[in-house]
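Read the figures in this text as sums done on the coordinates, not as results from a lab. It should be emphasised that the depicted structure is a prediction, and the values quoted were computed from it without experimental measurement. Cβ placement follows ideal geometry from the backbone for every residue including glycine, while neighbour counts extend to all protein chains displayed.
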Amino acid sequence: MKREDSISENLDWTTISLYGALVILGWLNIYAVGYDENVGHSIFTLSLNSGRQLLFIGASMIIILAIVVLDMRFYDAFAYVIYGLLMVILVAVPFIGKEVGGNKAWIGIGSFGGQPSELAKFATALAIAKFVGSVGFRMDNFRNQAILFALIGLPMVLILLQKDTGTALVFACFMVVFFREGMSPFLMIVGICGVAIFILTLLIPNQWYLHGAILAILLLLIGFGKKKLKRIVLLTLGAGLIMGVIESVDYVITDVLKPHQQNRIKALINPDADPLGYGWNVTQSKIAIGSGGLSGKGFLQGTQTKFDFVPEQSTDFIFCTIGEEEGWLGSLIVVGLFVTLLLRIIYIGERQKNRFARVYAYGVASIFFFHFAVNIGMTVGLFPVIGIPLPFFSYGGSSLWGFTVLLFILLKLDAHRGSLLQRL
Amino acid sequence: MNEGRKELFQLLIILTGIVFLVKLFFIQVVDSRYAEMADSNAILRQPEYPVRGLITDRNGKLIVYNTPEFRLDVLLKDVRNFDTVKFCTVFEMSRKELRKKFREMKARREFSPYKPTVFMDQLSSTDFAKVQDYLDEFPGFYVLARTTRAYTTPAFANALGYVSEISKRQLDDDESRIYKQGDYVGQSGIEAFYEEQLRGTRGIRFKLRNVKGIIKGSVGGGAYDTLSIPGLDLVTGIDLDLQQYGEFLMKGKAGSIVAIEPSTGEILALVSGPSYDPNLLTGRLYSSNFRQISSDTNKPLFNRPLMAQYRPGSIFKIAQAMTALQEGVINPDTRIRCDRTIINCHGAHSNEDLRGAIENSCNPYFHNVLRRMLNQGKVNDPYEDTRIGLAEWNKHIMSFGFGRTLGVDLPNEKSGLIPSPAYYDGAYHNRPWKFSNIYSLAIGEGENLVVPIQMANFAATVANKGYYFIPHVVKAIGADQQPLPEYRVRHYTSIDSAYFRVAADAMQQVVESGTGQYRAKLQDVIVCGKTGTVENNPPLFDHSVFIAFAPRKDPQIALSVYVEDAGQGARAAASIASLMIEKYLFGKTKRPYIEQYVLNGNFEDVKKTVEVKTEEEKPGEERR
């Protein structure tokens, strides 16, 4: 039965409005960052970031049109191709890429170009969605799991070669997708525990307390549980493993991580330790945000913003502008918009009858969630500084387009949810 | 199997949102530190130091003024790309010195990387001119212009006092909270006493600057800025010529000269010997100079006119005389034999009346007078009688301004001592005492202690015939042109003014034909005075003392001179006093040989020469 695919009627307008609101707010904020009251350029001035961002937004409109017009089966059919293409480009980047701000993630001709890593995000989401949605896929199959990890591992490694650790970390967020699709929680728990131990090791400088605590817990567990040999052995092994992890964490931090990365972590643990050095970014960010008070200083009135106190304010620390100029209320609105968008995407995902679409939706949600959580977390000192943009707010064509494509492919798929062939 | 997971993810999303909002709430609304730090980022508070009030003498001559001085502050968080080598070259210092300076700065109590901290202080205009052009190359370094004190003359140093940075203890004690670290504050003398009037009000300018420290404008267009208000100017009663002359005469001597205008209480000159150059206690060499000056065994920082407590010697006899007249135990014609077996005396006299006794400074006379005063027979018990007499005597003497602080507008004034019955009870450990124990009081020896300013004030009181104004240095403050209110009040003694005439007569006689005739008599003006010779410990000479006022009618100047270790009062002190009177009334002395005598400072051997001179003067040729 052929359903009349009326494009505009089936697209999820809630999501589109949320998208529009975020893009426009983002655009206004970019203007606020670049605004110099002595000069007083208008928001459309091309020499300012805001003018250029408008061009990017314009280009996004064209991209949206293209996505919507394109047949929805295109995405499913060409998922692997797109993925493969982008992986190839990623390989090329370290060779032909330009070094910008400490990493070689940008390629282009003249001033035209972009960051392929931004596009790799949606490509990977597509590839994973297709794989999970393929016939005969079973989450508890070890080989399938391995392929899944390879799918996210490959871009991670390639991007690490570009020295863009932050973006590489993004791909870890697909674990959420795996989890939703049935991957055993064991790995998740191990992962979370690993992270918890990592953090604890950082917080508690004296290893011996940790080791002592583990031993104490071990003894308690042995004492209060069934005294079966197998259990005791397992517990002891587990404890030993944890202690080993603690030691290796220490090793990783001091010997593997580069100084600036170490510093970023140190800045997280104790941001006030070196406010002029590695703590500078976060301190300035918190000062800017904190000075906003309840309702902010007013649009274009932020002193920290105007006088360039916060580094990377157009990109990584864009949230500071909202914090300073619109205050807590402004922050509330932006956080609220993002949370709503995320929940909406999950809602869309759940109403898909087609596994490919559903997995893809979760991919979209986890990517957005990762960026949202980490970026804002950075600005308030809850997460180490890794260079991740805030979707639609951070200045930049590649990231805007990447997220736009990511989102609108989902909307396109969603618009046709009634007619996609069912697959298990 | 998948059901709970969707909810878990949703929960995670919502939880993240809430965590952020809570954290944001804390940063933005609850914790006010960030707002302050934002302000200190973007707003530079530049204090504008007020100009301190000027100090002039009574004729409008400038004594203390202000000179520019520069201070270099550092705002550490603004310092970028610091070129150490260049800095050392520009500022002409070694890298070691530079490191030391940074260490010192960081060790300061008020140091913070977010606030400007003092880096280099007290740069003169020439120092500053050298480095001014290069300051742009060192972001984070700011210059503060301010003023420091300068003096037109080294005279009057002790009374003027000096100005230096406020100490930690002074800051802690400051209840008004007006002062900040680094402020200059008067530490002694007039600078301290009139600190409130002299200091002015600090202004403040709020400037906006960007992350590079470049000033971008004023906050609110300057609406919040306040201008500094200069301090009030002070006019002192000092006559600078007279003051300088007095210091000139006191060179090489220890002691003091105090000159007062009796009709107003304005201090015309306040000389403390030895003294120091006040310019040494300003500027960068302040601490090393201070160390040197304060460890000088002659104690130049000790302000003798106010702080030295001496025995008055024979000048006290004037006060004794008036007290005795007031008590009615003698009258001006009372004659008493000069019995040198009781107490030593000198000069050719044997049985003088009151005026004669003063003129010749007869000790036995006053010994007798005091006994009459203390033992007036009001009760039978001699001990009790003496107590009563002494109490009365004490009351009268203290009404002259002795035995207590007068309230001069300079700090560290001492009170001296006039014994009371309670005092002797304590001194004798409650054993009984009577006249025979304490008779040295009669001639100004014993337990009496007076301060030179009190002696000058006493001379002024006699000049005024019975009252005084509290002596004060500053005669006019600011636009009002008035001294502080307490200096406009007359203080009367407990003695009738008729007796003051007797005293004045006697003092005139002292100078005309008595002990003061040799060096204190002047041709063109009637001088009233009294000599005093205060016992000192051998082999040192006695202290030389003289009080005087002139002219007799409508007195313009009353003074006290006290020269330590200089022999009889008739010599050093009398000479200096009369020279000062000549200088003030006529502009210069007509007796250069007396001036030379004083400057030589040799007060023993010249006696013969002078006496030869006076023998040549025959009675009758004396002129008024």
Pairwise FRET efficiency - residue B:490 versus residue B:174, Cβ, R0 = 41 Å, nearest 0.05: 0.70
Counted charge near residue B:435, where neighbours are those whose Cβ lies closer than 12 Å (Asp, Glu -1; Lys, Arg +1): +3
Just need the Rg to Rh number for segment A:122-172, please, alpha carbons only, Kirkwood Rh. 1.04
Round to the nearest 0.05 the FRET efficiency obtained for residue B:437 and residue B:524 when R0 = 45 Å and r is the Cβ-Cβ distance. 0.45
Hey, with R₀ at 35 Å, roughly what FRET efficiency would residue A:350 and residue A:295 work out to, going by the Cβ-Cβ distance, to 0.05? 0.40
Expected vector for segment A:119-127, Karplus 3J(HN,Hα) from phi with 6.51, -1.76, 1.60 and θ = phi - 60°, integer Hz, x for Gly and Pro, equals 6, 4, 5, 6, 4, 5, 4, 4, 4
Once label points are set 7 Å from the Cα along Cα→Cβ at both residue B:287 and residue A:216, what is their separation, rounded to one decimal in nm? 5.1
Using each residue's phi in segment B:123-131, evaluate 6.51 cos²θ - 1.76 cosθ + 1.60 at θ = phi - 60° and report the 3J(HN,Hα) Karplus result to the nearest Hz, with x for Gly and Pro. 7, 6, 4, 5, 4, 5, 4, 5, 9
Segment B:77-202, Cα convex hull volume normalised per residue, Å³: 148
Find, among the trypsin sites (Lys or Arg not before Pro) in segment B:6-93, those assigned to loop by DSSP (not H, G, I, E, B) with at most 12 other beta-carbon atoms within 10 angstrom. B:80
Per DSSP H run of n ≥ 4, the term is -39500 (n - 2.57); total these for chain B, divide by its residue number, and report the mean residue ellipticity at 222 nm rounded to 500 deg cm²/dmol. -10500 deg cm²/dmol
Got the relative contact order for segment B:322-364 handy, in percent, Cα pairs under 8 Å and 6 or more residues apart? 40
Which Rg and Dmax, in Å, describe the Cα atoms of segment B:144-282? 20.2, 65
Cross-link reach list, aspartates and glutamates versus residue B:378, counting only Cα pairs under 16 Å and skipping chain neighbours closer than eight places: B:327, B:392
Can you give the angle from 0 to 90° between the axis of helix B:382-399 and the longest principal axis of chain B, with both taken from C-alpha atoms, to the nearest 10? 60
Using the alpha carbons of segment B:428-529, what is the convex hull volume per residue in cubic angstrom, as a whole number? 187
Taking a quarter of the surface of the Cα convex hull of segment B:7-127, what do you get in nm²? 14.1
Rg/Rh for segment B:56-145, where both radii come from Cα atoms and Rh is the Kirkwood radius: 1.11
Report the far tail of the P(r) of segment A:291-348, meaning the percent of Cα-Cα pairs longer than 16 Å. 47
Residue B:248 versus residue A:73, label points 7 Å from Cα toward the beta carbon: distance in nm? 12.1
On the Cα set of segment B:110-165, report Rg and Dmax in Å, please. 15.8, 45
Say the dipole of chain B comes from +1 at the beta carbon of Lys and Arg and -1 at that of Asp and Glu; which of B:373, B:248, B:561 then lies farthest toward its positive end? B:248
Rounded to a whole number, what is D in µm²/s for the protein assembly as shown from Stokes-Einstein with the Kirkwood radius over alpha-carbon pairs (37 °C, 0.692 mPa s)? 88
How large is the dipole of the protein assembly as shown about the Cα centre if only Lys and Arg carry +1 and Asp and Glu carry -1, each at its Cβ, rounded to the nearest 20 debye? 3460
Looking at B:458, B:522, B:412, which one has the Cα that reaches farthest to the positive end of the dipole of chain B (charges on Cβ: Lys, Arg +1; Asp, Glu -1)? B:412
Cut-off under 16 Å on the C-alpha distance; same-chain residues fewer than 8 positions from residue B:465 excluded. Which aspartates and glutamates are left, in chain and number order? B:261, B:496, B:505, B:554
Overall Cα dimensions of chain B - principal axes, largest extent first, Å: 132, 57, 46
With label points built 7 Å along Cα→Cβ from the Cα atoms of residue B:378 and residue A:88, find their separation and express it in nm. 12.7
Loop chymotrypsin sites (Phe, Trp or Tyr not before Pro), segment B:96-169, which have at most 10 other Cβ atoms in a 10 Å radius of their Cβ (DSSP): none
Taking the Cα centre as origin and putting +1 on Lys and Arg beta-carbons and -1 on Asp and Glu beta-carbons, what dipole magnitude results for chain B, to the nearest 20 debye? 1500
Can you pull the mean other chain C-beta count within 10 Å for peptide B:4-11? 5
State which entries of B:86/B:216; B:61/B:583; B:253/B:299; A:98/A:163; B:317/B:590 exceed 19 angstrom in Cα-Cα distance in the structure shown. B:86/B:216; B:317/B:590
Compute the Kirkwood hydrodynamic radius of segment B:223-326, taking the inverse of the mean of 1/r over all pairs of distinct Cα atoms, and give it in Å to one decimal. 17.2
From Cα pairs below 8 angstrom and at least 6 apart in sequence, can you work out the relative contact order of chain B, rounded to a whole percent? 13
Considering only B:32, B:16, B:338, whose Cα is most displaced toward the positive end of the charge dipole of chain B, charges sitting on Cβ of Lys, Arg (+1) and Asp, Glu (-1)? B:16
For chain B, which span is the longest to avoid every loop-located (per DSSP) member of GluC sites (Glu not before Pro) having at most 16 other Cβ atoms inside 10 Å? B:176-446
Average partner coverage of A:288-300, which counts Cβ from other chains inside 10 Å: 4
Among chymotrypsin sites (Phe, Trp or Tyr not before Pro) in segment B:217-267, those in a DSSP loop whose Cβ has at most 16 other Cβ atoms within 10 Å are B:224
Which values of log₁₀ I(q)/I(0), to two decimal places, follow from the Debye formula for segment B:181-250 at q = 0.13 Å⁻¹ with a uniform point scatterer at every Cα? -0.64
Suppose every K and R has +1 on its Cβ and every D and E has -1 on its Cβ; what is the size of the dipole of segment B:281-418 about the Cα centre, in Debye to the nearest 20? 500
Over segment B:304-352, volume per residue of the alpha carbon convex hull, in Å³: 127
